[in-house]
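Each reported figure results from applying straightforward, stated rules to the coordinates on display, with no laboratory input. Predicted model only: the values in this text are computed from it and were never measured. Every residue, glycine as well, gets a Cβ built from its backbone with ideal geometry; the counts of neighbours run over all protein chains shown.
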Amino acid sequence: MELARKLAPHAESPEALEQLLDALERENWLSNARFVDSLVHRRAARYGAARVMQEARTHQLGGDQLADLQDRLRGSELERGRAVWQKRFGTPPATPEEKAKQIRFMVARGFSRSVVSQVIKGADEWLDGGD
């Protein structure tokens, strides 16, 4: 567990650290589910599923939690992609260079190519209120 690794240098003994972590889990002060919720809350509004998943993997979460997280993120990725694109650009690309710039930005933020394509191609429609 990541917290155990970070607290290990400050603990009196490994046993005391384990007791502390167990007590925190029993009191629901320490929970992987709460951590995942916090991660989604902090990152999902600005990043795509790939980027958030990459960060989640660095925190050594369990496979079931990662699968649930991925499902949650994929379900809202188009909506979140539109919001990020709207905040950053707001207008459909007028030139191929501008389009390439918008695509690079969105892909670097972790949005899938299919979502980026849908966002940019559909920008005219949903900006006019057609969606």
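Show that you can apply the helix-only estimate: for the chain, add -39,500 (n - 2.57) for every DSSP H stretch of four or more residues, divide by all residues, and state [θ] at 222 nm to the nearest 500.
Values: 8 runs with 94 residues, N = 131.
-22000 deg cm²/dmol, from helical runs alone.
Find the lysine pairs in the chain meeting two conditions, Cα atoms under 28 Å apart and a separation of 8 or more places or different chains, and report how many there are. Each step should come with its number before you reach the end.
On the way: LYS87/LYS99; LYS87/LYS101; LYS87/LYS121; LYS99/LYS121; LYS101/LYS121.
Going through the chain pair by pair, I get 5.
With each pseudo-label sitting 7 Å past Cα toward Cβ, what's the GLU27-ALA67 distance in nm, one decimal?
Once both label points are built, they end up 3.4 nm from each other.
Roughly what would the spin-label model give for GLN60 and PHE105, points 7 Å off Cα along C-beta, in nm?
Between GLN60 and PHE105, the simple spin-label model gives 3.8 nm.
Can you tell me the 0 to 90 degree angle between the C-alpha axis of helix 96-108 and the longest principal axis of the chain, rounded to 10?
The angle comes out near 10 degrees.
Could you tell me the calculated FRET efficiency between ARG88 and SER114, based on Cβ-Cβ distance and R0 = 22 angstrom, to the nearest 0.05?
Numbers: r = 19 Å, r/R0 = 0.86.
Efficiency, from the Cβ-Cβ distance: 0.70.
Report relative contact order for the chain in percent, whole number only (criteria: Cα-Cα under 8 Å, sequence separation at least 6).
Reported relative contact order: 24 percent.
Quick one, which of [x] 62; [y] 45; [z] 52 is the actual percent of Cα pairs over 21 Å apart calculated for this model?
[z]
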